[in-house]
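Notes follow the structure.
Bear in mind these aren't lab numbers, they're just calculated from the coordinates by the rules spelled out. Remember, it's a predicted structure, so these values are computed and weren't measured experimentally. Note that each Cβ is placed from the backbone with ideal geometry, even for glycine, and that neighbours are counted across all protein chains shown.
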Amino acid sequence: MMSASHAVYSLRLHIVFVTKYRRKTLTPELLAALHEAFADILGAWRCTLMEFGGEADHVHLPVGIHPALNLSILINHLKSASARRMRNRFADHLRKFDWKPYFWHRAYYIGVGGPSLDTVKRYVAAQGTQEKPRQAAKRPPPA
């Protein structure tokens, strides 16, 4: 819970960004740099990065936000500022995937409410672990 001059609030979002064309560009080193960048950017916006996780083609950001924010502006700033930092720092690596200055896909996911924060944290923590084999859907026997 956070507070401002005349308000107490607890606003939490789950944000997901995917890489352009879902390319597997995010290495462990790049993910660590993104974690640092998102924490820094969100702090400047009076927000808190509560957890961070991701895989080679996407990241998860459970975030605590300030109630005065315009979410679309925050999202656009997160994407553009993080992309700029990563392109500057990992130019040689990212050039292998696309010659254009793209990084994130233009679409994104943002969820308010839904699963509990603990559920999201467990999901984020499990990112990058070995994938479990999927079971085929059971169909009823033919009549």
**OP:** Using label points projected 7 Å from each Cα along Cα→Cβ, tell me how many nm separate Arg84 and Tyr21, to one decimal.
**Re:** 2.5 nm
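Between the DSSP loop rule and a limit of at most 10 other Cβ atoms within 10 Å, which trypsin sites (Lys or Arg not before Pro) in segment 1-96 are left? Mind dumping the intermediate values first?
Working: sites: Arg12, Lys20, Arg22, Arg23, Lys24, Arg46, Lys79, Arg84, Arg85, Arg87, Arg89, Arg95, Lys96; in loops: Arg23, Lys24, Arg46, Lys96.
Those satisfying the criteria are Lys96.
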**OP:** Among His14, Val63, Ala81, pick out the residue whose Cα is farthest towards the positive end of the charge dipole of segment 9-126, where Lys and Arg carry +1 and Asp and Glu carry -1 on C-beta, about the Cα centre.
**Re:** Ala81
**OP:** Report the one residue of Ser72, Gly54, Phe90 whose Cα lies farthest in the direction of the positive end of the charge dipole of segment 53-109 (charges on C-beta: Lys and Arg +1, Asp and Glu -1; origin at the Cα centre).
**Re:** Phe90
